[in-house]
Structure formats: C-alpha cells, structure tokens
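Visitor: Have a look at this one before I ask anything.
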Amino acid sequence: MAEESLKELYNKDFPLWAEKNLQLLREKAYDQVDWENLLEEIEDMARSDLKACVSHLAVVLEHLYKWDHFRNLAGGEVAGRSWIKSVNNARTDIEAILETYPSLAPKLPQELDKAWIQAKSRLKKWLENNDYEPKNFPIPNECPYTYEEAMNRDLKKEANS
C-alpha cells in the first residue's frame, strides 16, 4: 500500500489503518509505515491517562471549591456529604492510575492549572443549572488550592468538627 493512500486511510477507516501499519511493522517494512500519524497516536496514548488524572483532579478542585464557598447555599450537610464522596472517589481514581502508571505522578502536579480551568467551567455550569447568577459568585482565575491540598485535605474531618 502506498504511503499516501495509507495516510488517507487514517481519516477514512482508522481500524484498518492501524491494522495495515501493524502488518507493515511486523514485516519490518518500515519505509511504508505512516510514521507521522503513528507517532501522533502513540503520543495521544501516552497522554490519555494523564488527561484522565487531570479530569479527576478537576472534580476534586470543583468540589473543594463548592465545599468552601457554596455549602450553605446548596443544601448544607446533604450537599456537603455528596461533595466529600465525590472528592474521595476522584482521589481514589487518581491514585489507581498513578499506581498503574507511576511515571505520571511527577507530571500531575504540573497540570493543576489545566484541572482548575475545567473545574471553573463546571462551577459556572453548576451555578447556572441551580439558578444562581455566575457573575454574583466570582470564581478566581488562579487555582486557590495547592496540589497537596487537593489530594490530602480531609473534608470528612472538617465536616465532623
């Protein structure tokens, strides 16, 4: 298969593209492999678990912020308990990914700002969905939490005190 048609196949039939490249690699026909797209796919695979960690971290930040700023607005103790559970579940998911892929552990703290961007977006949607005017509840542009606080702050203890 010509390199150009293999590149076209990438957009038309990804599973077939992957199968053809795998076959070429097994045959050591390296000059026919669609290297550009293959390297991009490998890079995306490497980032996917970090993206998952960032998404879970965003949940932690979102619910920490809700706990700190909206607990009394949103039903108090009941809402607070669900946020505690959500924080703990997200932390558990992060820990499981980091246990499986320990090379991500030093990278995740560097992604705090990306996680905060997601958390801010979710917070604004939450405010709108609960008939609060987001402009009345300004959310800071910079993350108000450290990575250590996001991963270790004990909301259960705070709830019981």
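The values are calculated or read from the model by the stated rules, or taken from the named source; none is laboratory data. Since the model is a prediction, treat every value here as computed from it, not as a measurement. Note that we place each Cβ from the backbone using ideal geometry, even for glycine, and neighbour counts take in every protein chain shown.
Visitor: Which one of these is assigned to a helix (DSSP H, G or I), out of contact with any helix residue (DSSP H, G or I) (no Cβ under 7 Å at 6 or more places or on another chain) and over 30 Å from Ala105 (Cβ atoms): Leu39, Leu22?
Guide: The conditions single out Leu22.
Visitor: Then there is this: Can you spot a residue in the stretch 129-143 that is surrounded by 17 or more Cβ atoms within 10 Å (Cβ to Cβ), assigned by TED's automatic domain parsing to the domain that holds Leu57 and farther than 16 Å from Lys51 by Cα?
Guide: Scanning the stretch 129-143 turns up at least one residue that is surrounded by 17 or more Cβ atoms within 10 Å (Cβ to Cβ), assigned by TED's automatic domain parsing to the domain that holds Leu57 and farther than 16 Å from Lys51 by Cα.
Visitor: Here are some conditions: (1) outside any loop (DSSP other than H, G, I, E, B); (2) of a type in the set (A, V, I, L, M, F, W, C); (3) closer than 12 Å to Leu57 by Cβ. Ala159 meets all but one. Which one does it not meet?
Guide: All conditions pass for Ala159, except number (3).
Visitor: Oh, and also: Going by the structure shown, is Leu39 surrounded by fewer than 14 Cβ atoms within 10 Å (Cβ to Cβ), under 17 Å from Trp126 (Cβ atoms) and of a type in the set (A, V, I, L, M, F, W, C)? Full working, then the answer.
Guide: Numbers: surrounded by fewer than 14 Cβ atoms within 10 Å (Cβ to Cβ): yes; under 17 Å from Trp126 (Cβ atoms): no; of a type in the set (A, V, I, L, M, F, W, C): yes.
Here the answer is no, as Leu39 does not meet what is asked.
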